[in-house]
Structures are given as structure tokens and as C-alpha cells.
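Below is one structure, written out as C-alpha cells; comments come after it.
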Amino acid sequence: MKVVIFAGGVGTRLWPLSRKNTPKQFEKIVGDKSTLQLAFDRLRPDFKPEDIYLSTGKKYEDTVRKHLPKIPSENFIFEPEMRDVGPAVGVAMGIVGKNHPNSPVAIIWSDHFVKKERRFREVLNFAQSIVSKNENSLVFIGQRARFANQNLGWIEFGKEVGDIRGTKIFRFKKLIYRPSLEDAEKFLESQTYAWNPGYFVTTPKFLLSQYEKFSPELWKGIMKIQAAVGSSSYEKVLEEVYPTFEKISFDNAILEKIDPKYVSVIAADLGWSDVGAWEALKEALSDKTDENVTRGKVLLEDASDNLVFNYTDQLVVGIDLSKMIAINTDDVLLICPKDSVPKIKKLVESLKGTEHESLT
């Protein structure tokens, strides 16, 4: 099986650590490695470096090559400019599918945190076995919900259609993006929904057939790029064709239209968290809700349920804090309640065109 790691996001909700020139996937948010390096490491030892591809923006080429020196040079896919996930996934499948059209390919993301790495690899291999038996299929990998999360996508699944060594396979029903709190609570109680990490396994041939059916103009461009793979004209064709693509999400381009009969779901506890926002990182790293999560020189007194990350040599002290986020970098100090984290993105956008634009 091949694996494509996507590392093209900006990560505004993790500002001021994550910025447009140094996005979150290249920062040491968890431990002493970037989340991109952690994504690569958790695939090992089941996957060889030559079976792992990396898709990101051209502007991050030097960075990703330094972060992942073991990946072969030809396995890097550099998008000339950001055109959203629909084109990114399609082109990656076109490139991998040039030589491996019927091979199972896993799509994963670089900015996640997975505690149960062995279980994660096991489930990937289960999905591989399903797709190997039916090349015209797609398997979603869902995370069993821990709470009623409004900020994630969810997968609804139906009856059980199989079992691999005790891991159940379900029929796919539909995707739901960021439900209301009331709906999320119903999903949690029903046990027929899982969080959607965006992980899936399929074959390039099958997925590209879905592009041809549902996004034909995008598919034509992908085919032009695929035809040039391995030739001296590849870079030129990629630079010319990719910027012409419509900006469209992968969900809108394909997943909302795909016939559920081709799709199944594995819903498992991977210890997965989307650490794309500070409050999500707090939940991921906490064993107990009222626990404080700190990094760097931090001293807290009579405080609970806070995340305080200090990236400077200065001591950060907090007294009588509750449910707060504090991020201290060399040029920005962010302090806000956990519930106010969604406002960070809007604030960062408001800095454009001002004297503080360089901080974005």
C-alpha cells in the first residue's frame, strides 16, 4: 500500500505559533518533533519511505525536505499554489496512480495527533485488505467519538457488513460537517456515528473515475499532469495546469456525490485528535479535563483546565486561572478563554493590511 501525507494547510487557529510562513505542521506542538514528522513516524515500521508520498505547497519545499529526509525526492508533490483539497487529492492520486493505478492508497493528514499508533497502523492494514479485494471501493477510517464535538466532521454508518479480527466494518451512510451541539449530542448517544479524521483508503483508478464522473474539468487537468509524470515536461505542465483548477473542497468535489454502495467504514478508537486549534490540543494532551497542559517555563498556582505554552526564555506565571489559553512567542502573547479560540482566525484575518500584518 502507498500512503500520501498532506501538509498544505496554514493553521490559523493555532496562531501565533502557526503562521503563513511557518504553518502548524512544521512546528513542535507535541513533543520535540513537528506534527509532520510524527505523522511520518507513526507509519513506520509497517511502511517503507519509498511507499510514502508527501503533498504540500511549493513554498514549503525546503522545509519538508529537511523534516522528512528519508522520503525519496520523487515522492514529493509540490502544489504551485493553493487550490483547496479537491485538486490536491486528485493530483496526488493521479501522480501515484501513474505507476500504481490499482494499488490501495491511504490518505492521511500531517496536523493530527494519534496516541494509539499501533492500532492506527492495524486499521490502515485492515482497510488495505478490503480495498485489495475490491479495487472499486473506498474505506473511511473513523475515530470513535469521545464527546459531542461541534468542530469536527462526523461519519454516519449503518449496519455491520464485515469483521476483520474483531474489528467491525460498517456500511457508509453520509458525512456531516460541524453539526450543532444538539445534533452532536444525539450522534454521540446513537453509537452509529464517528468523528471523521479525513482518513481513507482507496485505489487511484477508482477515485479518479469519480473525478471523471463528478468533476470532469478537474479530471481533464489531472490527466494532463499524470501524462507528464516521469517526463522532462512534468514541472512545466504542473505549473501551467494546476493554477487553472477551480478552488473546491474534496467533500464538495467527490465525497458528497459518491454512491454509498462503494464505501464502507471502520470506526475505531485510535486515540486521534485534530490538533488544529488550541482547545483541541488541550483535550488531546489531557488525561483529565481539569488538568493543566504546559510547555516551556510556566508556573501556575490555583489553576485548572488551562493550556499555557511558552516559547520564550521568560517565565510565564498564572494565578487563579481557569479554562484559559495562553501562548507566548517572541513577538506575540495571546491570552483568551478556551471558548474564544474560534475567534482567533477572524482576528488574524483582520490584521491583514495593518501594521501587524507581518505577524500573520
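For the reader, a short list of remarks on this structure follows.
- Averaged over residues, the count of other Cβ atoms within 10 Å places the peptides 333-339, 94-100 in the sequence 94-100, 333-339, highest first.
- For L270, nonlocal amide neighbours, meaning residues 5 or more places apart or on other chains whose placed amide H falls under 5 Å from its own, are R144.
- Helical content alone sets the calculated 222 nm signal of the chain at -8500 deg cm²/dmol, taking -39,500 (n - 2.57) per DSSP H segment of four or more residues and averaging over every residue.
- FRET efficiency, 1/(1 + (r/R0)^6) with R0 25 Å, evaluated for S73 and N21 via beta carbons: 0.60
- 18 Å reach of a label modelled at K288, 7 Å along Cα-to-Cβ, counting backbone N of region 303-337: 303-308, 320-324
- Zone residues, region 62-89, relative to Y234, backbone N less than 19 Å from point 7 Å out along Cα-to-Cβ: 62-66, 68-81, 88-89
- Loop GluC sites (Glu not before Pro), region 215-279, which have at most 16 other Cβ atoms in a 10 Å radius of their Cβ (DSSP): E246, E256
- Axis of helix 181-190 versus longest Cα principal axis of the chain: the two differ by about 60°, to the nearest ten degrees.
- Against the chain, whose longest principal axis comes from its Cα atoms, helix 216-228 is set at around 80 degrees.
- Relative exposure of R19, R118, R165, R144, judged by other C-beta atoms within 10 Å (fewest first): R165, R118, R144, R19
- Helix 85-97 axis, angle to the chain major axis (alpha carbon atoms, nearest 10°): 50
- Net dipole in debye of region 279-341 [+1 Lys, Arg Cβ; -1 Asp, Glu Cβ; about Cα centre; nearest 20]: 100
- Between E81 and K224, the C-beta separation translates, for a Förster distance of 22 Å, into a calculated FRET efficiency of about 0.85.
- Separation of region 1-56 and region 160-206, taken as the distance between their Cα centroids, equals 24 angstrom.
- Charge context of S34, other residues only, Cβ under 11 angstrom, K/R +1, D/E -1: 0
- Exceedance of the 19 Å cut-off in Cα-Cα distance is limited, within the set K115/K282; K133/K205; K2/K28; K24/K346, to K2/K28.
- Take every pair of alpha-carbon atoms less than 8 Å apart whose residues are at least six positions apart; their mean separation over the length of region 279-341 yields a relative contact order of 26 percent.
- When both bridge partners sit in region 279-341, DSSP labels roughly 30% of those beta bridges antiparallel.
- Rg/Rg_ref, region 279-341, where Rg_ref = 2.2 N^0.38 Å and atoms are Cα: 1.01
- Full extension of the chain between E117 and K261 gives 48.9 nm of extra length, using 0.36 nm per residue less the Cα-Cα distance.
- Take every DSSP beta bridge whose two residues both sit in the chain; close to 50 percent of them are antiparallel.
- Put in line by how crowded their Cβ is, counting other Cβ atoms within 10 Å and starting with the fewest, T35, T12, T192 read T192, T12, T35.
Read-outs throughout are calculated quantities, based only on the coordinates presented, and are distinct from any laboratory measurement. Note that the coordinates shown come from a computational prediction; the quantities given were computed from them, not determined experimentally. Every residue, glycine among them, receives a Cβ derived from its backbone with ideal geometry; neighbour counts consider all protein chains shown.
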